[in-house]
Each structure stands twice: as C-alpha cells, then as structure tokens.
Amino acid sequence: MSESVELADKRVLIIEDQKAFQVMLKGLLLNLGAKEVEAKRTGEAGIAAYVRRPFDVMLVDYNLGRGKNGRQVLEELKHRGVLKEDTIFFIITGDNTRPMVLSALEHQPDDYLTKPFSHRVLRSRLVRAYKRRMWLKDVFRSLYQQDYDACINACQRHIDSQSRYSGYCQKLQIELFNKTRRLEQAEAAIKQVMAEGKQPWVQLKLAEVRLSQKRPEDALQIAEAVLKKLPNAIEAQDIKTQCYLLLEDNEEALSSARQSINMAPFSINRQTQLANIARDNGDFEIAKQAMNNVLQIARTSVFRNVQHLCNYLRAILDAAEHAETRQKVAKYQTEATMELQRSRYDENVVYSELSFETLESVLVSRIDAFNGRLREAQQLLNKAVGDDLSNNNPVPTELLADVIIVLLDLGEFEKANELAATADGDDVIDSYTRKLLSERRELAAKTEATFRDIHQRGIRLYEQHKYKEALATFKEAQQLAPLNSGAALNYIQTAVSYCQNTGKVELEVLKRECANCFKTLQGLPLSDSHKQRYNYLQEQTSNLGLR
C-alpha cells in the first residue's frame, strides 16, 4: 500500500455521538479519498450496521453516551464472531487518562487516537494499520476463526521469513502456546526471543509460563521487575495477583487486585476476581462494591445478564449477614430492597426469562429468613418456586443458591441438599456464588446433623410405641428446624397413634400442636409421598378430634 492511503474502494463507518466531530471526521476521510462513509451515533446502531454489511474501516469514539461505548462495540463484534479479519478498528477518545487508555487497549484495536488529531496523523495511522492487516492476513484469518494451530503455523512462516512483523508474530505465537497449554514450546520460543535481546513483553510471557507451571515465586519476581520498568503493564499486575493467590497470601492478593482495578477498572473478569478475593478476606464491603461495578459494566455490554444483578443483590445480603451491628444489618438490607425496586425495569431483568416477581420473592424471602420471619420467608419462597420444588422441576439457575439458603434457614435440609447436588456442576453457578453457598452449607451442617440425630431418635421411639417420648423428641427437632415438613408430619402421625392407644389423653394440647404442624405444612411444597401422608393425616386427625 502506498503512503497515500487509498480509501476509494473502502467502506468506512464512524460511530460518534457528537455531530460536530462526526462531520469533521467525515471531512477528513473524504479528503483522504473515501467515497462511502456512513455515520452512526450509538454503539448499538453501529453494530447493527456492521452486521448487516461489514465495513473495511471503523472509527469509533470511546464515550458514546448512555449506550455501549467504543470498547464494548469491539468486544461484542469479537465475542459474536462477526468481526472480519481485514476490518481496521480504531478507538478515538478525548480522554487520555491511564484507566481509559488501558481499558481501551485491552481488546486490542488496531490503533488508538486521542482527540484532536490532524489529517496527517489519521492518514499515517491508517496506512500503518492497513499494511499490517494485509501483510498478516493469514494470521488474522486463522486467529479470528480460533484455529490456533493454523495461526501458530502462520506466525512461524512470518518469523522464518524475518518479515517486518515477525516481532508481532513471535509475541502472538507465544500467547497461543500459553493459551493451548504448550508450555515447553512457549518456553523455547521465549528463549529464542531473549537470545535476540531482552524485551519487556517477552518477560511477561515468561512470567505467564512460570505461573502455568505452578512456580509463583519465579513468576512474581519477573512481574515485579517488569512493573518497575513499565508501571502501566496491567498484565504484569494481573500476574502478581494470580501469584499471591497460588501462594495463598490473600492479603497481598487483595492489594494487588485493587491495584489492577485502579489501572484498568472496566473489566468484568477483573472486578469479579476482586469480589472473590475480598470475600475470602472477609471484606464484604469491597466485594459488594466490586459486584456493583460488574453490574454497571455489563449493563450495556454483550455480557448483560440477570446473573450480575443477582450477584450484586447477593453480595449486599452477604454483607448484611456478616455485619457486626444491627444498624449495619438494617442499612444493607435497606440497600438490597431499594436496589431490588430500582431493578424492576432493569434491562438485565426485562430481557431475561427470569421474571422480576420471582426474583423479588426469593430475595425478600432471604431477608425474612435471616431476620427470623420464617413463616413469611416460607410463603414467599412457595410463591416463587413452590410448584418447581414439589414437582422436582429445575429451579431458575440464577436463584438456585438463594433458594437453597432459604431452605436451609427453614430447616428443609433434605430438599436443600437435593438442590445443592444439582449446583455441583462446574458451570451451574459462578465462583463467587459457589463460595457463598459453600459457607452457608457448612454453617448449617452442624444444625442439620443435630436435627437428624434427634429426628431419627424420635422415629425409633415411635417404632418402639413410645409415643409420648416420641412426641417430645419430634418437638425438640422442630425447635431446630421449625418448618421441616418431615418433622411436622411425624409429629402429627405420632399424635394420632398416641390418641389411638391412650384414649385421647392430653387431647387439647395435642390438638394445638397438630394445628401448628398443619399450618407449617400448608405453606410447604410437598413431594407426592408427603402429600399422600398429609391427606391421610388430615382425615385421621379429624376422626380423632385433633382438628
């Protein structure tokens, strides 16, 4: 390609929300020979235009108002696999602060232009980007198709021919070796580059290899050396965080993760990692804020999902349940309730199969259960997922952990464990929620074990026809699990047998206790076998005057 960039046969798309700059940029492109220039004011409109008919050049402003930003446009086109290997993508912005620049560059646009820029700068950058795209067409084609073997081989051809882009190909090849876990080949390629002279990027790749080899001390030393020379090397900071995690130094991992966020905050993965580390460190306020950041980042991205809203609400309740004072508990619960109401028309919910009413019922049920309002929690849970629980249908994945937690609080351990077994798959729930759920199950395990011992003792006493002792034992079990359906049914069954064998002794006391048990059972989703027992016991208690 000549130094005078030829745009006459190229389709160019401008995505810019400011009309004045849109007109100015279009004028620059027309002066460069462009014949077909289209302009859109939003990221969503730009993506739709590109999907309909791909463009050769995209010039996208980073800040595009309320919708998707320029980084998210590039992210979505790549994620959906619709970005063509020969499309040149520039991000343009008037903000040259470190967080903005690093976040913009993470998705690897062809170039990054800071406003204002001249006709000459635009032309030279387009020439440079176009030359690289054309020269490395085979590399980009296989990379965009995720054919990593072909991409590695294409890189090798450029390296062997010592083309002008061999350095870029060396770096990409090592990245792909790491990505595909070919660590020996990665290390050999790194040694070859280092023999030609040290470069900061190759040190970073060596640190990645050492990390993959479970050698965190070595990786940490390399990453720190890189950061001394290049303080903005976000990849090195991320490696430091992973090293501290492998070394089980959570305090340093948290500090490193927060530094990564300060450097480049607009990453869902980075914010989620911070939330996980903060929670492990017992810093629930940081975890909550990180989950809120995830929600805000994802809201206009291709990764918009109701799960992010659920995780934020879950993080607020998590902070409430670990708060040291009642005032803080109340503050967090109010925050969760207000966020829930704000979310009624949130796009994360509107475009989800999960209804807002179900989300609201389950989350408020959790609040009620934590505050000891078990009957109210039971009613709300039954309203949301009662039919699913009684018919063994799948519970909405986004709320699975919360349903399990409420069931544990209600003392419905058997159903909670049943559901927990479905959550044990690798991809069913995210890592943050998995840790939260694991902690709650561990806390409930002691109560559950005590309940089971007492409940089993009651069953043995019943089988031995020691009905009065069995009644007292089932009552004791209900004190540990007030809304456990099995304990309630067994108490009524024992009361029936006691009356049948003693001539209705203590009838009024038993009548009152059975009424409480029936009240419990009315709000619970019962299995078919428990429904049959429930109906049978209703008839028996009626005949004996226990109702």
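The values are calculated or read from the model by the stated rules, or taken from the named source; none is laboratory data. Small disclaimer: the values here were computed from a predicted structure and weren't measured. Because the Cβ atoms are built from the backbone with ideal geometry, glycine has one as well, and the counts that use them run over all protein chains shown. For accessibility, only protein heavy atoms count, side chains too; no ligands or nucleic acids. Shrake-Rupley method; radii C 1.70, N 1.55, O 1.52, S 1.80 Å.
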Candidate cut points under GluC sites (Glu not before Pro) in region 142-238, DSSP loop plus at most 11 other Cβ atoms within 10 Å of their own Cβ, are GLU196
Accessible-area order for PHE303, PHE55, largest to smallest, probe 1.4 angstrom, reads PHE303, PHE55
Around ASP111 (Cβ within 9 Å, Cβ-to-Cβ, excluding ASP111; K/R +1, D/E -1) the net charge comes to +1
Row for region 8-67, column shape: gyration tensor on C-alpha, a ≥ b ≥ c, rounded if a/c < 1.5 i.e. under 1.5, prolate if a/b over b/c, else oblate; value oblate
Taking a ≥ b ≥ c as the square roots of the eigenvalues of the Cα gyration tensor, with a/c under 1.5 meaning rounded and otherwise prolate when a/b exceeds b/c and oblate if not, region 1-149 is rounded
Rounded to the nearest 10 Å², the accessible area of ARG326 using a 1.4 Å probe with every protein chain kept is 150 Å²
Rounded to the nearest 10 Å², the 1.4 Å probe accessible area of PHE21 is 30 Å²
What helix-only [θ] at 222 nm does the chain give? Using -39500 (n - 2.57) per DSSP H run of at least 4, over all residues, to the nearest 500, the answer is -22000 deg cm²/dmol
Cys residues of the chain with no disulfide-compatible partner (no other Cys Cβ under 4.7 Å) are CYS151, CYS243, CYS310, CYS499, CYS514, CYS517
Share of accessible surface on carbon and sulfur in the chain, whole %, 1.4 Å probe and ligands ignored, is 47 percent
With every protein chain in place, the accessible area of THR97 for a 1.4 Å probe, in Å² rounded to the nearest 10, comes to 70 Å²
The answer for the chain, accessible area per residue at 1.4 Å probe in Å², is 47 Å²
A student applying the Cα gyration tensor rule (rounded when a/c is under 1.5; otherwise prolate if a/b is larger than b/c, oblate if not) would label region 312-402 oblate
Candidate cut points under GluC sites (Glu not before Pro) in region 239-270, DSSP loop plus at most 11 other Cβ atoms within 10 Å of their own Cβ, are GLU248
The distance between the Cα centres of region 50-112 and region 19-48, in whole Å, is 14 Å
From most to least accessible, 1.4 Å probe, no ligand or DNA/RNA atoms counted, TRP201, TRP135 line up as TRP135, TRP201
The distance between the Cα centres of region 243-302 and region 169-235, in whole Å, is 24 Å
For ALA287, the net charge from surrounding residues (Cβ-Cβ under 11 Å; K, R +1; D, E -1) works out to 0
